[in-house]
Amino acid sequence: MTTSLDHRILDILRHHARSTIQEIADQLNESVERVSQSIHQLERNGIILQYATIIDDSKLTRRKPPIRALIEVKVRPERRTGFDAVAARIAKFPNVVDHYLISGSYDFLVMVEGDSLEDISRFVSGKLATIEHVLSTATHFIMKKYKEKGAIVGPQDGDPRLMITP
Amino acid sequence: MTKPFNRLVDQVPPSGIRRFFDLVVGAQDVISLGVGEPDFMTPWAIREDAIYSLEHGRVTYTENGGLLACRQAVSTYLSDFFHAHYDPHTQIVMTIGVSEGVDLVLRSLLNPGNEVIIPEPAYVCYGPLVQLAGGRPVPINTQSSGFIPTVAAIEAAITPATTAIILCSPSNPTGRSIPKERQAALLDLAKRHDLWVISDEVYAALSYDTPPVSMGSFSSYQDRVIVLNGFSKAFSMTGWRLGYVCGPPELIKRVIKIHQYCALCAPTVSQYAAIEGLKHAHKEVEKMRVSYLKRRNLVVHALQDMGLPTLVPEGAFYVFPSIEPTGLDAETFALQLLEKEKVAVVPGTAFGLGGDGHIRCCYATDMSQLTEAMARMARFVKGVMS
């Protein structure tokens, strides 16, 4: 059971994961204790899974940015466990970064990350496609990222406002 | 040229905010809490619709009063969100921002020497526009009543020449809202003295603690209430210059008469974009409102923690703390804060009577900048007070 406070905290953390408990409490007009307790509970209940950072890898210079691919996977569901047992096998691979069951002409949409095209190809042909219940795969390499989790990638316009206005 | 310029224009004092603007513009790395507009871009759906209307050549004049579709959308919006009912054919006119609306209304109402009561601190245009319309602004100081005008203070300022009262709620610069009971009492006062009530409600949609109450929703006073509103604040459309005036048909006729000669019509692209905004942008507007609310809370806490007495603003995106504990006057405080900590705020004195000892901080700035600005201000205040 989540409370209205939980939701208001999550609204902030969803986009500003680095907000301090004090800042969140101030913004919501709540006590530090209540906010802290709520966050603790959300973490313990597996509602907050991770605090992550959205990065524009293309700007990094010291390392080659990772290659990503979206893979459509057709699956024959298992008798008793349906898609879930197959999904669990796929999701455990650390290079699978996102994994959804979707409606439409295929079953899973899997986002895979690797150091190179070969790396990903090896994973698809060697691991993913050979799983017993996987019928077929179609791999789409990602060429450019425009937006991720609500964040627009690329140069942002500065604040066009005048410094002082009535 | 030796001919004198217009006397009324020359009598209007220079803007207090302008002087401060010149100082800030030269400075580097300043965090400005001195702006009077949202930090959000106009919602993309609205901008996209404007592009579409340009592509389809909707670039001609509209009717003087504004596109009927736009007035209809305004009428529906006011009725749905504010329970204020205006006939789009006879009671609404689209203007070039609320500012033009104020000007048109004052020019429609005032005869030479008529007085207009303005509770101050107030938005900077009211007094000068009253003067330019040939009237006499009568400011009253609301500082002692928490920046909310009282019936007694306004009544004390009424003379046989008084024609109108201008109210702005939630207020720029204080963010305070007039509670509903006070609104009713003020309307009653206006009725007893046969006065117009000009109600600038451009910040109404940005109300945080209770739903906004439009002066236009008190149906028994509709013959003397003039509601001004627009798209700049709630829809983040400052540069689009679009507002509207709502009032009794006899007034609106006169407003349109002036508007048709001095402006012809409000910007066409903006009117098309506004229709899209009124119909489909409410979720975006609500998101912005919630975001301002969080920032308001953060800033109020921060200012109170600094030891600056701060009334909680019910709306808009301004907070108006007292800086009296520092012993500095408003201008000195603002100047020193700018020099020492590179944070720009506007001295309360720029907004007329009752602004002394206070500063206006606009919190429509991104959260990290805001947190940094509050940290810098806290350091400054601590330094001054120790």
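Bear in mind these aren't lab numbers, they're just calculated from the coordinates by the rules spelled out. Everything numeric in this text was worked out from a predicted model, so none of it was measured. Ideal geometry is used to build each Cβ from the backbone, glycine not excepted, and the neighbour counts take in all protein chains shown.
The lysines within cross-link reach of B:LYS382, meaning a Cα-to-Cα straight distance under 23 Å and a gap of 8 or more places when in the same chain, are B:LYS340, B:LYS342. Using only alpha carbons, segment A:33-79 has a radius of gyration to Kirkwood radius ratio (Rg to Rh) of 1.23. Of the residues A:THR139, A:THR130, A:THR61, the one that moves most in a GNM of chain A with alpha-carbon contacts below 10 Å is A:THR61. Does segment B:243-386 classify as rounded, prolate or oblate by the C-alpha gyration tensor (a ≥ b ≥ c root eigenvalues; a/c under 1.5 gives rounded; else a/b over b/c gives prolate, otherwise oblate)? Prolate, since a/c reaches 1.5 and a/b exceeds b/c.
If each residue's Cβ is checked for other Cβ atoms within 10 Å, how do B:MET41, B:MET237, B:MET288 rank with the fewest at the top?
Details: B:MET41 12, B:MET237 27, B:MET288 23.
So the residues, fewest neighbours to most, are B:MET41, B:MET288, B:MET237.
Anyone know which of A:HIS140, A:HIS15, A:HIS40 comes out most mobile in the 10 Å Cα GNM of chain A? Among A:HIS140, A:HIS15, A:HIS40, the largest mean-square fluctuation in the Gaussian network model of chain A belongs to A:HIS40. Each principal axis of segment A:1-128 carries a Cα extent, and these read 53, 48, 23 Å when sorted largest first.
Between the helical axis of B:97-109 and the dominant principal axis of chain B, each derived from Cα atoms, what acute angle in degrees is found, rounded to the nearest 10? Helix B:97-109 and the main axis of chain B meet at about 60 degrees. Assuming a ≥ b ≥ c are the square roots of the Cα gyration tensor eigenvalues, decide whether segment B:212-283 counts as rounded (a/c under 1.5), prolate (otherwise, with a/b larger than b/c) or oblate. It is oblate, given that a/c is not under 1.5 and a/b is not larger than b/c.
Considering every pair of different Cα atoms, what Kirkwood radius, in Å, is found for segment A:91-166? Final number for the Kirkwood radius of segment A:91-166 is 15.7 Å. GNM remark for chain B: springs join alpha carbons under 10 Å apart, and the peak mean-square fluctuation among B:ALA190, B:ALA153, B:ALA27 falls on B:ALA27.
To one decimal place, what Kirkwood hydrodynamic radius in Å is obtained for chain B from all pairs of distinct Cα atoms? If you can, show how the numbers build up before the last one.
Numbers: mean 1/r = 0.0466 Å⁻¹.
Answer for chain B: a Kirkwood hydrodynamic radius of 21.5 Å.
Computed from the Cβ-Cβ distance with R0 of 56 Å, the FRET efficiency linking A:ILE55 to B:GLN11 stands at 0.45. Applying a threshold of 26 Å to the alpha-carbon distances of A:LYS59/B:LYS283; B:LYS191/B:LYS233; A:LYS145/B:LYS279; B:LYS180/B:LYS294; A:LYS149/B:LYS294; A:LYS64/A:LYS147 flags A:LYS59/B:LYS283; B:LYS191/B:LYS233; A:LYS145/B:LYS279 as lying beyond it. Put simply, the C-alpha atoms of segment B:19-147 give a gyration tensor, and the ellipsoid matching it has half-axes of 31, 26, 16 Å, longest first. When the Cα atoms of segment B:162-265 are aligned to their principal axes, the ranges along those axes come out at 39, 33, 22 Å in descending order. Each peptide in B:339-346, B:18-25 gets a packing score, the mean of other Cβ atoms within 10 Å over its residues, and the list from highest to lowest is B:339-346, B:18-25.
Remark: relative contact order (chain B) = 24 percent; criterion is Cα-Cα distance under 8 angstrom and separation of 6 or more residues.
Just to be sure I understand: of the beta bridges DSSP finds with both ends in chain B, what percent are antiparallel, rounded to 5? Display every interim value, and only then the final one.
Details: 14 of 34 bridges.
Bridges in chain B that DSSP calls antiparallel: roughly 40 percent.
Does segment B:1-80 classify as rounded, prolate or oblate by the C-alpha gyration tensor (a ≥ b ≥ c root eigenvalues; a/c under 1.5 gives rounded; else a/b over b/c gives prolate, otherwise oblate)?
On the way: a/c = 2.26, a/b = 1.41, b/c = 1.60.
In terms of gyration-tensor shape, oblate.
Where the convex hull is taken over the Cα atoms of segment A:124-166, what is its projected area averaged over directions, in nm²?
Working: hull surface 23.5 nm².
For the Cα atoms of segment A:124-166, the hull's average projected area reads 5.9 nm².
Annotation: the residues A:LYS59, B:LYS279, sorted from fewest to most other C-beta atoms within 10 Å of their own C-beta, follow the order A:LYS59, B:LYS279. According to the Cα-based calculation, Rg over Rh for the protein assembly as shown is 1.06, with Rh computed by the Kirkwood formula.
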